[in-house]
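The values are calculated or read from the model by the stated rules, or taken from the named source; none is laboratory data. No experiment lies behind these values; they were computed from the predicted model shown. No Cβ is skipped: glycine too gets one built from the backbone with ideal geometry, and neighbour counts run over all protein chains shown. Side chains included, ligands, DNA and RNA excluded: accessible areas come from the protein's heavy atoms. Shrake-Rupley method; radii C 1.70, N 1.55, O 1.52, S 1.80 Å.
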Amino acid sequence: MTKLETLYNSIRGLKELGLPLNEETLKAVDQLEEELIKDDVIPRLSDSIEPIITKIERPIVLVVDYIPGENLSVRLTRKRVITDEKETKQYPLSSERKEVQEKIYATNENAKKKKTERKMKFANKAKKTRLSVKFPDGTTIENSYAYETFIYTILRIGVEKVAELNMKWVGLPLVSKIKDDFYNQHEIEGGWWIVTHSATNQKRLQLEEISKKLKLGLNVEII
């Protein structure tokens with residue numbers, strides 16, 4: 001288990017015990033999370049993208065927009081400043097990593113001059129998954145993103161009905177009027193909040209549990 005996973009499990013444990021996270025604790029969590037991402041995730045991310053990114057010969061800025069449980073989004077711009085500096089932190093490659101990057105670039109240039117072909121194998125990108133929910137009357141809910149299908153299905157069933165089931169996820173009520181200070185939720189009409197901090201398969205299991213408890217006869221599939 002990584003330190004980052006340990007941190008999230010600790011937070012989840014506190015939530016499940018019903019212990020609130022005060023402002024000071026949340027600030028410390030944010031700080032530790034950033035440090036762990038900087039020390040563990042970003043170096044591995046750099047290792048993965050360098051062989052690909054060094055094929056680009058002009059300056060660009062890539063912004064990765066990641067929300068747990070939703071599809072990854074990458075934006076591209078040629079502007080060097082794209083967000084408020086106070087809100088954005090830059091983690092440059094180490095000098096050693098820069099040397100490696102320069103060697104890769106030089107190798108690519110030599111390869112062009114010699115007109116040789118080099119093949120690189122990359123792991124297949126995980127297939128994006130969505131949800132399809134079919135009601136006994138034939139109504140089908142099938143949105144572009146799994147979290148959207150999850151939300152619209154709950155809306156069609158009835159938010160109050162689902163809330164009364166008292167289902168929980170990551171220590172939070174799945175549907176409630178409580179805004180959490182840590183996990184990802186979506187607000188819907190009436191002041192309700194739905195926890196969407198989960199993978200597509202978990203959303204499928206949750207909808208199947210709701211269907212079973214309310215005897216709805218839903219057919220929930222991952223597509």
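Within the accessible surface of the stretch 20-80, defined with a 1.4 Å probe on protein heavy atoms only, the carbon and sulfur portion equals 55 percent.
How far, in nm, would the chain grow between THR139 and SER10 when pulled straight, counting 0.36 nm per residue and subtracting the alpha carbon separation? Provide the component values of the computation, followed by the final result.
Values: separation 129, 0.36 × 129 = 46.44 nm, distance 4.06 nm.
Value of the extension gain: 42.4 nm.
Over the C-alpha atoms of the stretch 182-223, the Rg to Rh ratio, Rh being the Kirkwood estimate, stands at 1.03. Computed with a 1.4 Å probe over protein heavy atoms only, the accessible surface of the stretch 159-223 comes to 53 Å² per residue. Using 19 Å as the Cα-Cα cut-off, could you pick out the over-long pairs in LYS134/LYS177; LYS161/LYS203; LYS168/LYS213; LYS134/LYS215; LYS168/LYS212? In this structure, LYS134/LYS177 lie more than 19 Å apart at Cα. Among the protein heavy atoms of the stretch 127-216, carbon and sulfur supply 48% of the accessible surface, probe 1.4 Å, non-protein parts ignored. Shown is the FRET efficiency for ASN22 and GLU187, computed with R0 = 25 Å from the Cβ-Cβ distance and rounded to the nearest 0.05: 0.65.
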